[in-house]
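A.B. asks: Questions regarding the structure given below will be posed in turn.
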Amino acid sequence: MLTLPFLYLGVTNALVIAEEKITFSTFWSLTQNEYDWTDGVKYVDIDYSISIESDSNRKSFNGKYILHFSDGKQIDLWANTLEGGIDTVQEIDSFIQTKNIPFYVRRAPAEDTINRFFTENANFIRELYSR
């Protein structure tokens with residue numbers, strides 16, 4: 001369960017998720033953006049891509065969990081959260097679902113893709129991409 005407020009310090013930004021609002025700021029800007037859950041956060045895009053590392057020919061699953069804000073800004077929580085840590089994304093997602101924000105799945109992975117890249121969190125991935 002996500003303990004609120006949740007603070008994440010990424011490489012280029014800071015994100016605070018609280019019951020009333022989400023606060024986002026980048027380290028290169030002195031401004032801080034606050035968005036309430038009712039009209040500040042418009043929707044969530046769910047997507048993914050598969051990348052191939054050229055030196056090792058190894059494939060990687062790159063999930064996308066993009067929050068879109070009313071001012072046009074957006075943040076990919078999956079890419080910017082603990083280097084793509086699925087457990088943290090799952091915690092944040094369970095909280096965001098309680099806020100009645102629309103979810104749009106742009107592209108869903110096939111079952112064999114889920115099985116190849118996920119063991120522990122496969123059920124969460126199936127549920128996330130089936131919305």
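The values are calculated or read from the model by the stated rules, or taken from the named source; none is laboratory data. Everything quoted here is computed from the prediction, not taken from an experiment. With ideal geometry, Cβ positions are generated from the backbone for all residues, glycine too; neighbour counts draw on all protein chains shown.
A.B. asks: Across region 105-129, which residue is nearest to Lys64 (Cα to Cα) among those that are hydroxyl-bearing (Ser, Thr, Tyr) and at pLDDT 95 or above?
C.D. replies: By that ranking, first place goes to Tyr129.
A.B. asks: Of all residues in region 82-115 being loosely packed, with under 15 Cβ neighbours inside 10 Å and of a type in the set (Gly, Ala, Ser), which is nearest to Glu20 (Cα to Cα)?
C.D. replies: For region 82-115, the residue satisfying everything is Ser94.
A.B. asks: Inspect region 96-111 for any residue being under 26 Å from Asn13 (Cα atoms) and under 11 Å from the mean Cα position of the chain (by Cα) and give the result as yes or no.
C.D. replies: Yes.
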